[in-house]
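First up is the structure itself, then whatever we jot down about it.
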Amino acid sequence: MKILIHVRAWNKEFYCRLANIAFENPDITTIADFRGLADVWSGDYLYDSCYDVPNEEFEKEKDDIITRCRFLRSISRQKAEELARRFWNGTEKLFQEGKYDLVLSPIADCYTMDIIERIAEKYHVEYFALVTSFVRGYSRFTKQGELFDAKRQVTDEEIDHVIGMLVNDDYKVTFSLNKEKKQFDTAKFYLRRRMVDKLYFPYKKHKEKDPWNYHYNTLSFQGGNYADYSVKNAERYYKKISEADIQKKSVYVPLHYSPEATVDYWCDNKKWAYYEQSVIDFIKASDPGVSFVVKEHPAMYGKRNINFYKELTSMENVQLIHPYENSNQLLRELWNVMVYTGSVGVEALLRGKKVFTVTDNYYSGCSSNIVKTERIKAGDLIEEKLEHDNQKFMRQLLSGMFPGSSTAGKDIGNSEIDKIAAEMHRIYVNHVTEKNNR
């Protein structure tokens, strides 16, 4: 069993241990974007001109690769193509020589991870990326956000329990990013990140001789100064729910954390990677009589450029709700919801709401009450509950998930590794068996 694992400093031990628990005596190769961390360093390809040769398949996919990566789309097109092409060629050689059975990785959030997944697809290598589910205590595997056909048997009791949990008005996803921050905390975060971006990362690039490292070149705050991110300045654009004019037929738009893999890599079209502009374009393309109630993501408090808020609130049919207002209250009061890949769409469907989405996502094929569109017409809206088979919907979703908590952060070691390993082994065996029977 030959496994290629993409690692970072805080998850290397976890993923190597996960592979060793799931499979007997696996032959593991690690790959990383940081020098000295793994068996293979991406810089071995990025800084070697012998990998800078034409590749017909790369040429077909380069636009998609570059647009989806926030680092590549921030540098010159020529340099972006050079880096991606070299890594593609180097990774393809790695796969040809390694003859891997499985690639194990966190979800892709940069071009190197994206290319590894594409090369795995080309060589028909199983690819498992671990995802922390929005359903508390559950995880799942994916490639680029889709729901794996994991064929897990789900009981009626489990379905009832999860539905009851998700429709509870007090339910909150427990991601640490969503914890409420004070104004002082956001200012401290801004200053700390600016120091890291301006001082520490340039030092690391020089010390490690790694000038084009994705991580060291991806800035937390793109352009502007503190005033453009200050929560004190942002507060003037927010409304409390009690202050907003909310009608049943208004459209609830919960904003995504951005930039992030769920937008950059999970959406079916690369244009959605320009997230803020795409939200504005969607609203402008919709009928002017459609009222949008837009709520900021709690983890974006103090992190989103307020020029986005200015443009949003300049439109008469848009109201911007404070990130720390109660999302469940909006779900109770509004019957129409617009999402990209967010889990709010699942919660809305369970409550009989109509869900609009710009992209296929991991649950869009599980319900007839979700509509894929790039604009909303007034006649599309509803103002009363839709019929929805919650049992069938949740059975399909849960069959692609499994009990076993996980986290993608530096506390990944607290994940329920034995449960995750058991499911990884089961799903892998099923996939390989099906492949061999075709």
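So, M300, is that one surrounded by fewer than 20 Cβ atoms within 10 Å (Cβ to Cβ) and aliphatic (A, V, I, L, M) or not?
For M300, the condition - surrounded by fewer than 20 Cβ atoms within 10 Å (Cβ to Cβ) and aliphatic (A, V, I, L, M) - is met.
Would you confirm, using the coordinates I've provided, whether K209 is surrounded by fewer than 16 Cβ atoms within 10 Å (Cβ to Cβ) and modelled with pLDDT under 95?
no
Within region 297-343, can you find the residues that are polar (S, T, N, Q), closer than 14 Å to K239 by Cβ and not in a loop (DSSP other than H, G, I, E, B)?
Passing the criteria: T313, Q319, Q329.
Could you check, for region 84-94, whether at least one of its residues is exposed (fewer than 15 other Cβ atoms within 10 Å of the Cβ) and more than 25 Å from the chain's Cα centre (by Cα)?
yes
Which pairs do you get when a residue that is at pLDDT below 95 and of a type in the set (A, V, I, L, M), found in region 236-248, comes within reach of a residue that is in a loop (DSSP other than H, G, I, E, B) and buried (at least 17 other Cβ atoms within 10 Å of the Cβ), reach meaning Cβ atoms under 7 angstrom, with the pair 6+ apart or on two chains?
Partner pairs satisfying both residue conditions: I246/L334.
Condition (residue is part of a loop (DSSP other than H, G, I, E, B), in contact with a helix residue (DSSP H, G or I) (Cβ under 7 Å, 6 or more places away or on another chain) and either crowded, with 16+ Cβ neighbours inside 10 Å or of a type in the set (F, W, Y) (or both)) applied to region 224-235: is it met by at least one residue?
yes
Quick grid of which residues meet (1) of a type in the set (V, I, T); (2) crowded, with 18+ Cβ neighbours inside 10 Å; (3) closer than 24 Å to T155 by Cα:
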site: T373; (1), (2), (3): yes, no, no
site: E383; (1), (2), (3): no, no, no
site: E423; (1), (2), (3): no, yes, yes
site: V429; (1), (2), (3): yes, no, yes
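Among the candidates S220, S139, single out the residue that is surrounded by 13 or more Cβ atoms within 10 Å (Cβ to Cβ), in the same structural domain as P323 (by TED's automatic domain parsing) and touching a residue at least 24 places away in the same chain (Cβ under 8 Å).
S220
Among the candidates V290, V279, V294, which residue alone is modelled with pLDDT of 95 or more, in the same structural domain as Y190 (by TED's automatic domain parsing) and either surrounded by fewer than 16 Cβ atoms within 10 Å (Cβ to Cβ) or in a helix (DSSP H, G or I) (or both)?
V279
The values are calculated or read from the model by the stated rules, or taken from the named source; none is laboratory data. Fair warning: this is a prediction, and the values are worked out from it, not measured in the lab. With ideal geometry, Cβ positions are generated from the backbone for all residues, glycine too; neighbour counts draw on all protein chains shown.
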